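J.: For reference, the structure I am asking about is given below.
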Amino acid sequence: MEVLASSATASSCPNFVISNLYKNPNSASMAATPQVLQWKYAPVRIVEARAKAPLMCLKITSLKRPINYGNTDRALLLPICRLNQSFFSQCSLFSVHYSKLKKKLRLKKYAGSLHKVISCSEKIGRHAFVRFIVALMVVMSVSVSVSESPSWALTEENLLFLEAWRMIDRAYVDKSFNGQSWFRYRENALRNEPMNTREETYMAIKKMLATLEDPFTRFLEPEKLKSLRSGTQGALTGVGLSIGYPTKFDGSPAGLVVISASPGGPANKAGILSGDVILAIDDTSTETMGIYDAAERLQGSEGSSVKLTVRSGPEIKHLDLMREKVSMNPVTSRLCAVPASGKDSLRIGYIKLTSFNQNASGAVKEAINTLRSNNVNAFVLDLRDNSGGLFPEGIEIAKIWLDKGVIVYICDSCGVRDIYDTDGSKAVAPSEPLAVLVNKGTASASEILAGALKDNKRAVLFGEPTFGKGKIQSVFELSDGSGLVVTVARYETPAHTDIDKVGVVPDHPLPTSFPKDEEAFCNCLQDPASACNKVELFAR
């Protein structure tokens, strides 16, 4: 399975979006048969099939937890032990009269099939064989009475819930599932959660995911999954905002901070700036609103409107924005010439990368080639306020700048499980001086790229510590068109730094007045007294 990253922030289409969406395999592939079943859950047909095997031996593993048998007569239970060909010499069975046991356990309907069991070997006597049959019937009885498995009465809604449960069971990075028994949760939910309608099933799935306490593992209704796909393809319908986690300023009411506004989008045209705080969306306060809920509210059909209450500095703005299709061109670039005399004149190629959609790596290559045609001798890669996106695009862009080295380690609870590196075969600009600009809005795939360039000593990082989102998500599609975003792994930088909740620490800070776009950056370079010329971007 391809490993993917999520971003730390969300846009009007949350651009932590993953590269591939995995369709649900058929039920046979989804439910891999375990090697050993706990006997209390073994269906009768499995027990009978095993009894008819040539050796007539049932292997039972010891249980780690005591089983609550309710009102079951404990004197009739088979002791838990390992059975092999010397079963009858290792395990003592209770001597209970066969007919009395059959009556007490009400297993008359199974008795006929059990009489047909083939003899294990000539060494097993008739008395031992009868005891084996009695023990096997006890196992079957407890299996039926204790498990009460609903497998023969599952509704279509139950099956959809189980499909989501299996996805988490297989893919989720934390195999303790936030310290709970994942199997027990499934059984309790099937018994107690209402799943009579699709809406109730969706609510049951969301409730299940909430127990993981992972804000990045979440459920997507079919229409939201479609919107997520469109965001990875470089266009979406919304207002063109990237938003960050709730924050507070000087004791003011909490809100959602604006990371960036897409150039030419509705929010940008309305004058919304990076650092502004969204206080309400359609008169609903964002004080306790999650970023994904907010991102979904900002989306909608083309031509529809959304009301925003925005605080920009001390000013409160009430804006009515019209949603439109926003083109997500992830790269802008510019040649910036620094006045100097003779051969020492500096020609800097400025590249601003705003997201990692499917166009990102190609756009970066194109920008580099264009700037090279103008004889640039250094590059600035601006990753500020880039909230991430497609993990594979981050890897491909790292390969553009590196001639060799590890890019990122993919890890799970057991340690490193995969390594992404490069041999230089895809390098486009592996040698020119490179400065990378980062800030607290630099997240996820941006952090992977920044960490790779820093740890491989390919670039010098300037700015402030990045957001610190070191988790990786994959998107899985369920059979009804809905989907799950699941945290499947974490990652470490080439220096084995876990940046989750810490971020990538830059080499040098930047002045607060340092410009944030290509035009302001070039103009800043023209002024010898400006903040740009006080920062030695290409000095190690």
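The values are calculated or read from the model by the stated rules, or taken from the named source; none is laboratory data. A quick note: this is a predicted structure, and the numbers were derived from the prediction, not measured. As a convention, Cβ positions derive from the backbone with ideal geometry for all residues, glycine included, and neighbour counts pool all protein chains shown. Accessible surface is based on the protein model in full, side chains and every heavy atom, while ligands, DNA and RNA are left aside. Shrake-Rupley method; radii C 1.70, N 1.55, O 1.52, S 1.80 Å.
J.: Quick one: which strands (runs of 3 or more DSSP E) sit completely within the stretch 410-474 and have at least 3 residues that are out of contact with any Pro (no Cβ under 8 Å at 6 or more places or on another chain)?
T.: Details: elements: 415-422, 434-438, 460-463.
Result: 415-422, 434-438.
J.: Does any residue of the stretch 473-492 turn out to be free of Cβ contacts under 8 Å to residues at least 40 places away in the same chain and either touching an Asp or Glu at 6+ places or on another chain (Cβ under 9 Å) or of a type in the set (Ser, Thr, Tyr) (or both)?
T.: Restricting attention to the stretch 473-492, the residues satisfying the condition of being free of Cβ contacts under 8 Å to residues at least 40 places away in the same chain are none.
Checked against the condition, which is being free of Cβ contacts under 8 Å to residues at least 40 places away in the same chain and either touching an Asp or Glu at 6+ places or on another chain (Cβ under 9 Å) or of a type in the set (Ser, Thr, Tyr) (or both), the stretch 473-492 yields no hits at all.
J.: Just checking, which of Ser413, Ser345 is free of Cβ contacts under 8 Å to residues at least 40 places away in the same chain, surrounded by fewer than 23 Cβ atoms within 10 Å (Cβ to Cβ) and among the hydroxyl-bearing types (Ser, Thr, Tyr)? Give the steps one after another, and end with the answer.
T.: Working: Ser413 fails: free of Cβ contacts under 8 Å to residues at least 40 places away in the same chain.
Of Ser413, Ser345, the one residue that is free of Cβ contacts under 8 Å to residues at least 40 places away in the same chain, surrounded by fewer than 23 Cβ atoms within 10 Å (Cβ to Cβ) and among the hydroxyl-bearing types (Ser, Thr, Tyr) is Ser345.
J.: Residue under question is Met195, and the condition is that it be buried (at least 16 other Cβ atoms within 10 Å of the Cβ), within 16 Å of the chain's Cα centre (by Cα) and closer than 15 Å to Asn158 by Cβ; does it hold? Walk me through it before giving the result.
T.: Values: buried (at least 16 other Cβ atoms within 10 Å of the Cβ): yes; within 16 Å of the chain's Cα centre (by Cα): no; closer than 15 Å to Asn158 by Cβ: yes.
Criteria not met by Met195.
J.: List pairs: first in the stretch 299-324 and under 17 Å from Ser227 (Cα atoms) and modelled with pLDDT under 90, second open to solvent by 40 Å² or more (accessible area, probe 1.4 Å) and basic (Lys, Arg), Cβ under 8 Å, 6+ apart or cross-chain?
T.: Glu302/Lys325
J.: Find the residue count for the stretch 331-348, including only residues that are of a type in the set (Ser, Thr, Tyr), at pLDDT below 85 and closer than 16 Å to Asn523 by Cβ.
T.: Here is the first cut: in the stretch 331-348, the ones of a type in the set (Ser, Thr, Tyr) are 332-333, 341, 345.
This time we only want the ones that are at pLDDT below 85, so: 341, 345.
Applying the additional criterion that residues be closer than 16 Å to Asn523 by Cβ yields none.
Selection size over the stretch 331-348: 0.
J.: Okay, next question. Go through (1) at pLDDT 90 or above; (2) closer than 19 Å to Pro215 by Cα one by one and return the number of the condition Glu432 breaks.
T.: (2)
J.: Could you say which residue among Asn369, Asn386 is open to solvent by 40 Å² or more (accessible area, probe 1.4 Å) and either outside any strand (DSSP E or B) or under 30 Å from Tyr172 (Cα atoms) (or both)?
T.: Values: Asn386 fails: open to solvent by 40 Å² or more (accessible area, probe 1.4 Å).
On inspection, the qualifying residue turns out to be Asn369.
J.: All but one of (1) open to solvent by 10 Å² or more (accessible area, probe 1.4 Å); (2) assigned to a loop (DSSP other than H, G, I, E, B) hold for Gly503, so report the exception by its number.
T.: Failed condition: (1).
J.: Does Glu477 satisfy the criteria of being farther than 19 Å from Ala378 by Cβ and touching a strand residue (DSSP E or B) at 6+ places or on another chain (Cβ under 7 Å)? Steps first, please.
T.: Working: farther than 19 Å from Ala378 by Cβ: yes; touching a strand residue (DSSP E or B) at 6+ places or on another chain (Cβ under 7 Å): yes.
Yes, satisfied.
J.: Considering only residues that are crowded, with 19+ Cβ neighbours inside 10 Å and more than 21 Å from the chain's Cα centre (by Cα), which ones fall in the stretch 283-310?
T.: Thr286, Leu298, Gln299, Val306, Leu308, Thr309, Val310
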